[in-house]
Number of protein chains: 2
Amino acid sequence: MGIKRRTKSVTTMLSIFESGEEALSVVNLVERLKNQMNKTTVYRILERLEKEGAIHSFSGTNGLKWYAKCSQCTAHHHNDIHPHFECKDCGKVECLEVNIPIPSIEDRNIQSVDVLLTGQCTNCMI
Amino acid sequence: MGIKRRTKSVTTMLSIFESGEEALSVVNLVERLKNQMNKTTVYRILERLEKEGAIHSFSGTNGLKWYAKCSQCTAHHHNDIHPHFECKDCGKVECLEVNIPIPSIEDRNIQSVDVLLTGQCTNCMI
DNA sequence: TGTTTAATGCAACTTAGTTGCAAATATAAT
DNA sequence: ATTATATTTGCAACTAAGTTGCATTAAACA
């Protein structure tokens, strides 16, 4: 049970994710939406959108929470194992459409895989 | 410049890492050492030990900071690319001695790789 | 149009982690 | 052994991310 009502705030949030290709930190969203909705509302809408499978979340380098809408985000299902990339120079975070093969681990039941790559993005490599 | 003086607090901290094989969260360390040293001291000793290469740090599922001393932790150098495993049932976190091959990513300069696997550990699989 | 239930705002709170500064202590020099 | 000096620690106050409870607002559906 994710989003039940298409409120103005939900629409606003979704349009932000539709328009861009990058990931967005919650901190960034709270800041940029502070005139349009409450901090708590930002957190709760993101939570519901993720539960629905519209977006997915992950942790950045400093433990901050990020959200992104990627091509693999499908309703009611989210089982992508793509890595996330954080540019240490400009701070940009994005989903990489690359498959990371995880070897089977003995004696353990692996249920989720999170891969965070850090380095320089295309612009900052120069 | 990591540890300069072998204080009682530093010795205590190191002995904790020597004795166990698991990773330890900062929260856990602050709690278990609260009668022996200040919270700030815990944070600072861990920071210095990591700078020295005696231990290494990483983020757990909720963005919490964890530290561990693994076989690959060597003085003045720490370039292991092993995954970390967090058991969602009992909460145990550990380093896995497995190599995760990261494919080369075009147009990006990858400098660090963090892999967090979540699932059930040996004990909790039953 | 009214009723129900989900969603929001607000304020207060929790928790992880940080900072500045004075006091304490390990280590090196005398 | 004593002193000097630079590192380390404790403390208290702070910052920032994220959460909670509750009263109010507003979708959606009959």
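With the requirement that a residue be exposed (fewer than 12 other Cβ atoms within 10 Å of the Cβ) and facing chain B (nearest Cβ under 7 Å), what does segment A:104-126 give you? First the steps, then the outcome.
As a first pass, look at segment A:104-126 and keep what is exposed (fewer than 12 other Cβ atoms within 10 Å of the Cβ): A:104, A:106-107, A:111, A:123, A:126.
Answer for segment A:104-126, where residues must be exposed (fewer than 12 other Cβ atoms within 10 Å of the Cβ) and facing chain B (nearest Cβ under 7 Å): A:ASP107, A:GLN111.
Take A:LEU64 and tell me if it is within 14 Å of chain B (Cβ to nearest Cβ), within 14 Å of DNA strand D (Cβ to nearest atom), among the hydrophobic types (A, V, I, L, M, F, W, C) and closer than 17 Å to A:ASP114 by Cα.
Working: within 14 Å of chain B (Cβ to nearest Cβ): yes; within 14 Å of DNA strand D (Cβ to nearest atom): yes; among the hydrophobic types (A, V, I, L, M, F, W, C): yes; closer than 17 Å to A:ASP114 by Cα: yes.
For A:LEU64, the condition - within 14 Å of chain B (Cβ to nearest Cβ), within 14 Å of DNA strand D (Cβ to nearest atom), among the hydrophobic types (A, V, I, L, M, F, W, C) and closer than 17 Å to A:ASP114 by Cα - is met.
Among the listed residues B:LYS65, B:LYS39, B:LYS69, B:LYS34, which satisfies the condition of being of a type in the set (Lys, Arg), at pLDDT below 95 and out of contact with any Lys or Arg (no Cβ under 7 Å at 6 or more places or on another chain)? Can you show your working first?
Working: B:LYS65 fails: at pLDDT below 95; B:LYS39 fails: at pLDDT below 95; B:LYS34 fails: at pLDDT below 95.
Testing whether each residue is of a type in the set (Lys, Arg), at pLDDT below 95 and out of contact with any Lys or Arg (no Cβ under 7 Å at 6 or more places or on another chain) leaves just B:LYS69.
Just to confirm my filter: which helices (runs of 4 or more DSSP H) fall fully inside segment A:1-53 and include at least 2 residues that are within 14 Å of DNA strand C (Cβ to nearest atom), over 24 Å from A:HIS84 (Cβ atoms) and without any contact (Cβ under 8 Å) to a residue 40 or more places away in the chain? Spell out how you get there, then give the answer.
On the way: elements: A:8-19, A:26-32, A:39-52.
Fully inside segment A:1-53 and qualifying: A:8-19, A:39-52.
For A:THR61, only one of the following conditions fails: (1) farther than 26 Å from A:MET125 by Cβ; (2) more than 12 Å from the chain's Cα centre (by Cα). What is its number?
(1) is the only condition that A:THR61 fails.
Has segment B:37-48 got any residue that is within 13 Å of DNA strand D (Cβ to nearest atom), β-branched (Val, Ile, Thr) and within 14 Å of chain A (Cβ to nearest Cβ)? Let's see the steps before the verdict.
The first filter runs over segment B:37-48 and keeps only residues within 13 Å of DNA strand D (Cβ to nearest atom), leaving B:37-48.
Cutting the leftovers down to β-branched (Val, Ile, Thr) gives us B:40-42, B:45.
Filter once more, keeping what is within 14 Å of chain A (Cβ to nearest Cβ): none.
No: segment B:37-48 contains no residue that is within 13 Å of DNA strand D (Cβ to nearest atom), β-branched (Val, Ile, Thr) and within 14 Å of chain A (Cβ to nearest Cβ).
Given the conditions (1) at pLDDT below 90; (2) out of contact with any helix residue (DSSP H, G or I) (no Cβ under 7 Å at 6 or more places or on another chain), report the number of the one that A:ALA75 does not fulfil.
(2)
Given the conditions (1) more than 12 Å from chain A (Cβ to nearest Cβ); (2) in contact (Cβ under 8 Å) with a residue 24 or more places away in the chain; (3) surrounded by 15 or more Cβ atoms within 10 Å (Cβ to Cβ), report the number of the one that B:PRO83 does not fulfil.
(1)
Identify, by number, the condition in (1) modelled with pLDDT of 95 or more; (2) buried (at least 16 other Cβ atoms within 10 Å of the Cβ); (3) within 16 Å of DNA strand D (Cβ to nearest atom); (4) not polar (S, T, N, Q) that B:PHE58 doesn't meet.
Checking B:PHE58 against (1) modelled with pLDDT of 95 or more; (2) buried (at least 16 other Cβ atoms within 10 Å of the Cβ); (3) within 16 Å of DNA strand D (Cβ to nearest atom); (4) not polar (S, T, N, Q), the one that fails is (3).
Can we say B:GLY63 is at positive phi and touching a Cys at 6+ places or on another chain (Cβ under 7 Å)?
Values: at positive phi: yes; touching a Cys at 6+ places or on another chain (Cβ under 7 Å): no.
So B:GLY63 does not fit the description; no.
Name the single residue that is farthest from DNA strand D (Cβ to nearest atom) among those in segment A:1-25 being more than 14 Å from every other protein chain (Cβ to nearest Cβ) and of a type in the set (Gly, Ala, Ser).
A:SER19
For B:ASN28, all conditions in the list (1) surrounded by fewer than 19 Cβ atoms within 10 Å (Cβ to Cβ); (2) more than 14 Å from chain A (Cβ to nearest Cβ); (3) more than 19 Å from A:GLY63 (Cα to Cα); (4) not basic (Lys, Arg) hold save one; what is the number of the exception?
Result: B:ASN28 passes all but (3).
The values are calculated or read from the model by the stated rules, or taken from the named source; none is laboratory data. Computed from a predicted model, the values in this text were never measured in an experiment. Cβ atoms come from the backbone with ideal geometry, glycine included; neighbour counts cover every protein chain shown.
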